[in-house]
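One structure is given below, encoded as structure tokens.
The values are calculated or read from the model by the stated rules, or taken from the named source; none is laboratory data. Because the structure is a prediction, the values reported are computed rather than measured. We place every Cβ from the backbone using ideal geometry, glycine too, and count neighbours over all the protein chains shown. Areas reflect the complete protein model, heavy atoms only, side chains present, ligands, DNA and RNA absent. Shrake-Rupley method; radii C 1.70, N 1.55, O 1.52, S 1.80 Å.
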Amino acid sequence: AASATPRAGKGNELYLLETTSEALRRCWPWLCLFAAVSFCGVALLQFYIGRVIASGPAAFPRMILVMLAAAWVLLFLHNFPLLPPAAGFDGSCHLDYVRYIQEYKILPSAWEGWEMFQAPLYYLTSAAMLGLVHCGAYQPSGMMLLRFLSLAIGAVNLALIFIGLRLIFPGDWKKPLAGLVFAAFLPAQIYLLHYTTNETFSAMFVSGALCVALHLLQARQPWRGWYGVLGIVLGLALFSKASAVLAVPAILGALAVKLMLRRERA
């Protein structure tokens, strides 16, 4: 029955793995410590925020951005050497895709591997970058280089998210900063950025497309070339992962509604 939870037995990859309740019982002191540190951090910010803003309105947002960037980069630099090789969602399969391009100089057919059906832009970029330094996809230096590529992708994505939030909330620094912190430490994003995957590449281009679309929605008479930029960025997103197609109707629909409200037919 669907309501019955099957137990993994010997020989199953899930056998003897830790459960959520067991992890919570083991980690609750650390969770309480992090909660206390967070509470104290917020209290200190509330105490000093008035003084910092009084000394200069732009000083506080810049300080927060620097602290956020430092904490985010240090988190990744701390974790990278500790990660097992080829880990992550289908990690070895994504690396197989990169290795295939390196070895055969062509794109694979979909039946040649578990992830070989994926759109190729991320894998082409990874293979080209590894080729520049003469590293293989499965060499330790090659996998570390791909992790730094993920770090760069994440940084660009966060910058685009911040730009988009500034477009949504012009003149307000609190909401864009809050949104940036939320995006930077979203568990799913942190997890994916530690591994070899095309998800993050596609997300970066979708964020870029959303920024261009926001600009087009706000501009009264936008330069026509921005529509070409939007098409290029959406194309790159689709060339990274097919699921980026979900952004296309949302973006084009919003632009169409704007034209309808302004009664433009050209």
Inset, instruction - Could you state how much accessible area Arg262 has, in square angstrom rounded to the nearest 10, with a 1.4 Å probe and all protein chains kept in place? - result: 80
Legend entry - Whole-number accessible area per residue in Å² for segment 1-160, which is evaluated in the context of all protein chains at 1.4 Å: 67
Inset, instruction - Could you tell me which of Ala188, Ala213, Ser126 has its Cα farthest along the dipole of segment 94-238 towards the positive end, charges placed at Cβ (Lys, Arg +1; Asp, Glu -1), taken about the Cα centre? - result: Ala213
Inset, instruction - Please say if segment 85-132 is rounded, prolate or oblate, where rounded means a/c under 1.5 for a ≥ b ≥ c the square roots of the C-alpha gyration tensor eigenvalues, and otherwise the choice is prolate for a/b larger than b/c and oblate otherwise? - result: oblate
Inset, instruction - Keeping every protein chain in place, order Tyr48, Tyr123 by accessible area at 1.4 Å, biggest value first, i.e. largest first. - result: Tyr48, Tyr123
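When a/c is below 1.5 the answer is rounded, else prolate if a/b is larger than b/c, else oblate, so apply that to segment 195-262 with a ≥ b ≥ c taken from the square roots of the Cα gyration tensor eigenvalues. Don't skip to the end; give the middle numbers.
Details: a/c = 2.77, a/b = 2.10, b/c = 1.32.
Because a/c hits 1.5 or more and a/b exceeds b/c, segment 195-262 counts as prolate.
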Inset, instruction - Kindly provide the pair-distance distribution of segment 136-190 built from C-alpha pairs, with 5 Å bins from 0 and whole-percent values in order of increasing distance. - result: 4, 19, 20, 17, 13, 10, 7, 5, 3, 1
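What is the ratio of the Cα radius of gyration of the chain to 2.2 N^0.38 Å, where N is its residue count, to two decimals? Display every interim value, and only then the final one.
Working: Rg = 22.4 Å, N = 266, 2.2 N^0.38 = 18.4 Å.
Working it through for the chain, the quotient is 1.22.
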Legend entry - Debye log10 I(q)/I(0) at q = 0.15 Å⁻¹ for segment 49-175, Cα point scatterers: -0.81
Legend entry - Accessible surface of segment 108-266, 1.4 Å probe, proportion on carbon and sulfur as whole %: 72
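Over all directions, the average projected area of the alpha-carbon convex hull for segment 118-214 comes to how many nm²? Before the final figure, lay out the partial values.
On the way: hull surface 27.2 nm².
Dividing the Cα hull surface by four gives the mean projection, 6.8 nm².
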Inset, instruction - Please state the charge dipole magnitude for the chain, taken about the Cα centre, from unit charges on C-beta atoms (+1 on K and R, -1 on D and E), reported in debye and rounded to the nearest 20. - result: 1080
Legend entry - Accessible surface of Asp90 - all protein chains present, 1.4 Å probe, nearest 10 Å²: 60
Inset, instruction - Please list the radius of gyration and Dmax for segment 1-45, considering alpha-carbon atoms only, with Å as the unit. - result: 17.8, 53
Inset, instruction - Output ³J(HN,Hα) for segment 155-165: one whole-Hz value per residue in order, computed from phi by the Karplus curve 6.51 cos²θ - 1.76 cosθ + 1.60 with θ = phi - 60°, and x for Gly and Pro. - result: 5, 5, 4, 5, 4, 5, 4, 5, 4, x, 5
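As a test of the formula, what do you get for the chain when each DSSP H run with n ≥ 4 contributes -39,500 (n - 2.57) and the sum is divided by the residue count, at 222 nm and rounded to the nearest 500 deg cm²/dmol? Let's see the in-between values first.
Numbers: 10 runs with 181 residues, N = 266.
Dividing the helical sum by the residues of the chain leaves -23000 deg cm²/dmol.
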Legend entry - Packing-based ranking, highest mean first, of 230-242, 202-214, 11-23, 31-43 given that Cβ atoms within 10 Å are counted: 202-214, 230-242, 31-43, 11-23
Legend entry - Top positive-direction residue, dipole computed over the chain with Cβ charges, set Cys40, Leu95, Pro81: Cys40
Legend entry - Heavy atoms of Ile153 accessible to a 1.4 Å probe, total area in Å² rounded to 10: 10
